[in-house]
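Trainee: Please find one structure pasted underneath; my questions will follow.
The values are calculated or read from the model by the stated rules, or taken from the named source; none is laboratory data. Worth saying up front: this structure is predicted, and the values here are computed from it rather than measured. The accessibility values were calculated without ligands, DNA or RNA, using every heavy atom of the protein model including side chains. Shrake-Rupley method; radii C 1.70, N 1.55, O 1.52, S 1.80 Å.
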Amino acid sequence: MNGVPPDAHTKALEFVNQTCVFTLIATIALLAWVASGVEFANQGLRLAAMACLTMSIIYGIASLALIPLIQETRRPGQSNFEVEARYSLFGRRSSRLKSVMWPQYILLIAGLILYVVGMID
């Protein structure tokens, strides 16, 4: 690798990117498992778990889409989580990394809890 070594914020953003990818893959696998027909005590809990996991996947994709925008927008010394990335989706919008990562992880945890509760007879 030639060139200037990345600064600490760029390296941290790389770790965030890897974490989002691994979490997204695990969430997709879990959604496939829940949707595959494992036996649930209550079908309502299956649907709720699938909804939470699906929304977690959507927020995970949004996180991955936001990371390059944050890298481009960030000023030297600015935290990755303080950057407000601007994009065009149904008009001009802006978002921070925390606003998509928190729902991703909260919905994943909710989906896991619903999965466990649904498996209890």
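Trainee: What is the Cα radius of gyration of the chain over 2.2 N^0.38 Å, N being its residue count?
Mentor: 1.28
Trainee: Turning to a different aspect of this structure: Hey, what's the chain come to in accessible area per residue, 1.4 Å probe, Å²?
Mentor: Ligands and nucleic acids excluded, the figure is 63 Å² per residue.
Trainee: Here is a follow-up. What ranking of VAL21, VAL83 comes out by heavy-atom accessible area, probe 1.4 Å, highest first?
Mentor: Largest accessible area first, the list is VAL21, VAL83.
Trainee: If the chain between ALA32 and LYS11 were fully stretched, how many nm would it gain, using 0.36 nm times the residue separation less the Cα-Cα distance?
Mentor: 4.4 nm
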